[in-house]
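Some notes on the structure that comes next.
The values are calculated or read from the model by the stated rules, or taken from the named source; none is laboratory data. These figures come from a predicted structure and were not determined experimentally. Every residue, glycine among them, receives a Cβ derived from its backbone with ideal geometry; neighbour counts consider all protein chains shown.
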Amino acid sequence: MPSQPSNAGKDPQTKAKSEKLFFVKVHSHGADVVVAVCDQELLGKNFTEGDFVLEIREEFYGGKLATFDEVYELMRTATIVNVIGEKIVGELVRRKIIEEEALIHICGIPHVQIITV
């Protein structure tokens, strides 16, 4: 009998919590701390919708590969959070960190910004 992958039988919550699925980068600008997060597979890709082009640039999102828990800890320190991707946005909605009504879709990809005041 062939062996199963190590994540076989794990629910999606456990997988998102323990696997490094997201790129996260922290930017400091004066008093603001911006945390940019994207799903791993989106980094470096461009998407076009009509005349609009969405670039998931390494300069902005491409810090380190991280688990959801690592991302969430960085998000807690931020004044501005910029998040894009089905996995990361879905996990934030599932955990009730954001409301589904707060997100938008850019080129079909879920995106949300969180700003603290």
* Structure fact -> Residues in region 16-30 that are at pLDDT below 95, of a type in the set (Gly, Ala, Ser) and either crowded, with 17+ Cβ neighbours inside 10 Å or assigned to a strand (DSSP E or B) (or both) total 1
* Asked: What number of residues within region 59-78 satisfy the criterion of being assigned to a loop (DSSP other than H, G, I, E, B) and in contact (Cβ under 8 Å) with a residue 40 or more places away in the chain?
  -> 4
* When you go through 112, 33, 37, 83 one by one, which is the residue that is closer than 24 Å to residue 18 by Cα, touching a His at 6+ places or on another chain (Cβ under 9 Å) and part of a strand (DSSP E or B)? -> 83
* Asked: Can you pull out the residues in region 40-57 that are part of a loop (DSSP other than H, G, I, E, B) and in contact with a Leu (Cβ under 6 Å, 6 or more places away or on another chain)?
  -> 56
* To do: Mind telling me which of the residues 59, 86 ends up being surrounded by 13 or more Cβ atoms within 10 Å (Cβ to Cβ), of a type in the set (D, E, K, R) and at pLDDT 95 or above?
  => 86
* Asked: Looking only at region 89-117, which residues are surrounded by fewer than 12 Cβ atoms within 10 Å (Cβ to Cβ) and among the small types (Gly, Ala, Ser)?
  -> 108
* To do: Go through region 79-110 residue by residue and tally those that are at negative phi, within 14 Å of the chain's Cα centre (by Cα) and not β-branched (Val, Ile, Thr).
  => 11
* With the checklist (1) surrounded by fewer than 19 Cβ atoms within 10 Å (Cβ to Cβ); (2) outside any loop (DSSP other than H, G, I, E, B); (3) in contact with a helix residue (DSSP H, G or I) (Cβ under 8 Å, 6 or more places away or on another chain); (4) modelled with pLDDT of 95 or more in hand, flag the one item residue 13 doesn't pass. => (4)
* To do: For residue 46, state whether it is among the polar types (S, T, N, Q) and within 13 Å of the chain's Cα centre (by Cα).
  => no
